[in-house]
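In what follows, a single structure is set out as structure tokens and then discussed.
What follows is calculated from the coordinates using simple rules that are stated; it is not laboratory data. Treat the numbers as computed from the prediction; the structure is a model and nothing was measured. With ideal geometry, Cβ positions are generated from the backbone for all residues, glycine too; neighbour counts draw on all protein chains shown.
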Amino acid sequence: MIIDAHVHAFDRGFFPPAFARATALRWRHAVWPPRPAGALTPEAVEAGYVDPDGRLLAGDLEAAGVDAAVLMMLDHGIGLGEEAPVARDRILEYYAGLAARYPGRLYFFVGVDPRRPDAESFLRRAAARGARGLKLYPPDGFPCDHPAAVALCRVCADLGLAVMFHTAFVGWPFEGDKANPLALTAVQKAVPDLVLLVGHAGYPLWGPEAAAVVADHPGSYLEISQWQDLLDQDPGALVRVLADFRDRVGAHRIVFGSDHCSGPRFSGARSRLAAWVRFVRDLPETAGRYGRRFTREEVDLILGGNMARILGLAAPA
Ligand SMILES: [Zn+2]
């Protein structure tokens, strides 16, 4: 069974308008000369992310041979200083609706900024609507060990929910330094019974830090999305990163994730999901080329066995 522990789908109005404005600016200025304003508008950015009924996501998962995936909700309102046009409860209904439309195929983690006064009641509402965990996004401006984040982790442990922290460095308009996974040691200490997913495994600045944090806490896991950015430039480097993670924490504590977004800009022929799944699946045959070794059993745990255990879909192997 192949499970993608980290995917996204959105409908129109799910992001604060500031997100599309900043993304359009970033993408236009990523090349020289900059693309003119009319070539990439905030409206065009948002239109690229829209998947109202999850059909594009379902198609991408199917094409990649992924059996089940976990949707991550985001809440950038405080971080970007501007609320999304669509209310949080309606966004929650969208994810609960997708999970209901694709039973056994789509699960979701609720996203809420822990600094919101109603964060805990929103989390409890989401749990009642079927959320399997909580996604926290520190680059919105709080460190992983912010007291409000730790308090929500305590609630999740009591409710039997997992928590995923985003730990990839991400630049403007976010505060990427807040994602440093070293601060998770304080969370593990405060909530030792937490099931903690270290989202993006510290990509690209903090891989060894993420692995060190996961290694000593039995309830923590590395989630490896975004590292596939190395796939085209240097597959050997990617094999070595994954083998180092395995050596440090064990294959039983790594979960496959892609951070795949559905939408006209990312789905169908543009989807990179199948290539990433294939790369991990083929590691037992290919890793030797780069002087490393993976067994089929290890890859089975990474690709789905561990996440099935976390989601309660399978008995522990
Ligand atoms: Zn993500």
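Of the residues that sit in region 219-269 and are among the small types (Gly, Ala, Ser) and within 16 Å of the ligand (Cβ to nearest atom), which one is surrounded by the fewest Cβ atoms within 10 Å (Cβ to Cβ)?
263
Report those helices (runs of 4 or more DSSP H) wholly inside region 1-64 carrying at least 1 residues which are under 29 Å from residue 282 (Cβ atoms) and among the basic types (Lys, Arg).
Passing ranges, in order: 55-64.
Considering each of 86, 70 in turn, give the residue that is in contact (Cβ under 8 Å) with a residue 40 or more places away in the chain, part of a loop (DSSP other than H, G, I, E, B) and of a type in the set (A, V, I, L, M, F, W, C).
Working: 70 fails: part of a loop (DSSP other than H, G, I, E, B).
Just one listed residue meets the conditions, 86.
Taking only region 58-79 into account, find how many residues are within 16 Å of the ligand (Cβ to nearest atom) and either within 18 Å of residue 132 (Cβ to Cβ) or surrounded by fewer than 20 Cβ atoms within 10 Å (Cβ to Cβ) (or both). Talk me through it step by step, then tell me what you get.
Step one: list which residues in region 58-79 are within 16 Å of the ligand (Cβ to nearest atom), which gives 60-61, 66, 69-76, 79.
Filter once more, keeping what is either within 18 Å of residue 132 (Cβ to Cβ) or surrounded by fewer than 20 Cβ atoms within 10 Å (Cβ to Cβ) (or both): 61, 66, 69-75.
Summing the residues that are within 16 Å of the ligand (Cβ to nearest atom) and either within 18 Å of residue 132 (Cβ to Cβ) or surrounded by fewer than 20 Cβ atoms within 10 Å (Cβ to Cβ) (or both) in region 58-79 gives 9.
Tell me whether region 307-315 contains one or more residues that are buried (at least 17 other Cβ atoms within 10 Å of the Cβ), of a type outside the set (Lys, Arg) and free of Cβ contacts under 8 Å to residues at least 60 places away in the same chain.
Taking every residue of region 307-315 in turn, none turns out to be buried (at least 17 other Cβ atoms within 10 Å of the Cβ), of a type outside the set (Lys, Arg) and free of Cβ contacts under 8 Å to residues at least 60 places away in the same chain.
What helices (runs of 4 or more DSSP H) lie completely within region 224-284 and have 3 or more residues being aliphatic (A, V, I, L, M)? Step through it out loud before you land on a result.
Working: elements: 230-233, 235-249, 273-281.
The qualifying helices (runs of 4 or more DSSP H) are 235-249, 273-281.
Select from region 1-22 the residues that are over 30 Å from residue 301 (Cα atoms) and away from the ligand (no atom under 14 Å from the Cβ) and list them in ascending order.
11, 12, 13, 16, 17, 18, 20, 21, 22
Just give me the residues in region 209-237 being in contact with a Gly (Cβ under 9 Å, 6 or more places away or on another chain), farther than 22 Å from residue 4 by Cβ and among the charged types (D, E, K, R), in sequence order.
Hit for region 209-237 is 209, nothing else.
Looking only at region 97-122, which residues are in a helix (DSSP H, G or I) and over 18 Å from the mean Cα position of the chain (by Cα)?
Listed by number, the residues that qualify are 97, 100, 101, 119, 120, 121, 122.
When you check residue 165 against the structure, is it without any contact (Cβ under 8 Å) to a residue 40 or more places away in the chain, within 14 Å of the chain's Cα centre (by Cα), crowded, with 21+ Cβ neighbours inside 10 Å and closer than 21 Å to residue 307 by Cα, yes or no?
Judged against the criteria, residue 165 is a match.
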